[in-house]
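Note sheet for the following structure.
The values are calculated or read from the model by the stated rules, or taken from the named source; none is laboratory data. Computed from a predicted model, the values in this text were never measured in an experiment. Backbone-built Cβ (ideal geometry, glycine too); neighbour counts: all protein chains shown.
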Amino acid sequence: MPGPVPTAFRNRLLKALPERTLAALAPLLEPVTLPRRDNLAEPEAATPAVTFIEMGLASVVATGLRDGETVEVAHIGPEGVAGFHLLLGVDRAPSHTFMLVPGTGLKASMADVTRMMDEDREFRRLMLRYVHVTQLQISYSVLANGRYTLAERLARWLLMCHDRLEEDEMALTHQFLAQMLGVRRSGVTNEIHVLEGGQVIKATRGSIRILDRPRLEARAGGSYGVPEREYRRVIEGERLAL
């Protein structure tokens, strides 16, 4: 549901834009409420707008061509924008982007985004850098799925949620986690019990609370951290020690 355009933004991409660019973009943004399961980009259908997420969490899911098998490949929260293929001049994508955790956002039509990409160098520069970071996140999802254990992948997934929601308690079921990770529910349940036993998380019915983030990062190992560091470097200009 549309509402008034905020004068201050929570979206980190918007906050990283120069004032002149943000002033040109702001009138083009339509505030919206984003309920759970809201479709932000449907597979093989024209995407009418990008969505800068202010609150909440979206998932990008890849689906097999004939068998319908699915696995999550990326998260988008207040650090990013859903429908990022529009930034490249592509009107649709085979992946599915929808809200995992309800929230709010700011939509900009494909026509307006295309014009901003053509006319504003700083907008184009930052948006393309975001696409770069998202591609890196997807590549690390491939790495995690292929080379890391379920325990490490689960830890990575929880950390990525925690980064974007900025809340220790998250409404997540074992079945939903299994679907997102592309594994059996029993495997997720076993790993959650291990994390609980180590007092890293606390799981209740339909909810997981992070108790010890540093230890959760240690559990994730090398599967987590590189895309996050790259975002801070290329989007927010943070100088990072190698």
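Of the residues that sit in region 118-135 and are crowded, with 18+ Cβ neighbours inside 10 Å and under 25 Å from Leu34 (Cβ atoms), which one is nearest to the chain's Cα centre (by Cα)?
Thr134
Of the conditions (1) modelled with pLDDT under 95; (2) aliphatic (A, V, I, L, M); (3) in a loop (DSSP other than H, G, I, E, B), Ala93 clears all except one; give me its number.
Condition (1) is where Ala93 drops out.
Does region 41-48 contain at least one residue that is part of a helix (DSSP H, G or I) and either under 30 Å from Asn145 (Cα atoms) or out of contact with any strand residue (DSSP E or B) (no Cβ under 6 Å at 6 or more places or on another chain) (or both)?
No, region 41-48 contains no residue that is part of a helix (DSSP H, G or I) and either under 30 Å from Asn145 (Cα atoms) or out of contact with any strand residue (DSSP E or B) (no Cβ under 6 Å at 6 or more places or on another chain) (or both).
Among the numbered conditions (1) under 27 Å from Ser223 (Cα atoms); (2) in the same structural domain as Leu17 (by TED's automatic domain parsing), tell me where Val90 comes up short.
Single failed check for Val90: (1).
Quick one: would you say Val113 is farther than 23 Å from Arg232 by Cβ, of a type in the set (A, V, I, L, M, F, W, C), assigned by TED's automatic domain parsing to the domain that holds Leu34 and in contact with a helix residue (DSSP H, G or I) (Cβ under 9 Å, 6 or more places away or on another chain)?
The answer is yes for Val113.
Where residues in region 201-212 are under 23 Å from the mean Cα position of the chain (by Cα) and not in a strand (DSSP E or B), which of them is surrounded by the fewest Cβ atoms within 10 Å (Cβ to Cβ)?
That would be Gly206.
Being outside any strand (DSSP E or B), over 18 Å from Ala82 (Cα atoms), in contact with a Lys or Arg (Cβ under 7 Å, 6 or more places away or on another chain) and without any contact (Cβ under 8 Å) to a residue 24 or more places away in the chain narrows it down to one residue among Ala151, Ala144, Ala178, Ala155; which is it?
Ala178 is the lone residue from the list that is outside any strand (DSSP E or B), over 18 Å from Ala82 (Cα atoms), in contact with a Lys or Arg (Cβ under 7 Å, 6 or more places away or on another chain) and without any contact (Cβ under 8 Å) to a residue 24 or more places away in the chain.
Could you check region 58-105 and list, in sequence order, the residues that are more than 14 Å from the chain's Cα centre (by Cα) and surrounded by 23 or more Cβ atoms within 10 Å (Cβ to Cβ)?
Leu86
I want to confirm something. Restricting to region 218-233 and keeping residues that are among the hydroxyl-bearing types (Ser, Thr, Tyr) and farther than 15 Å from Gln135 by Cβ, which single residue is surrounded by the most Cβ atoms within 10 Å (Cβ to Cβ)?
So the residue we want is Tyr224.
Let me spell it out: the conditions are (1) of a type outside the set (Phe, Trp, Tyr); (2) in contact with a helix residue (DSSP H, G or I) (Cβ under 6 Å, 6 or more places away or on another chain); (3) part of a strand (DSSP E or B), and Thr21 meets all of them except one. Which number is the exception?
Every condition holds for Thr21 apart from (3).
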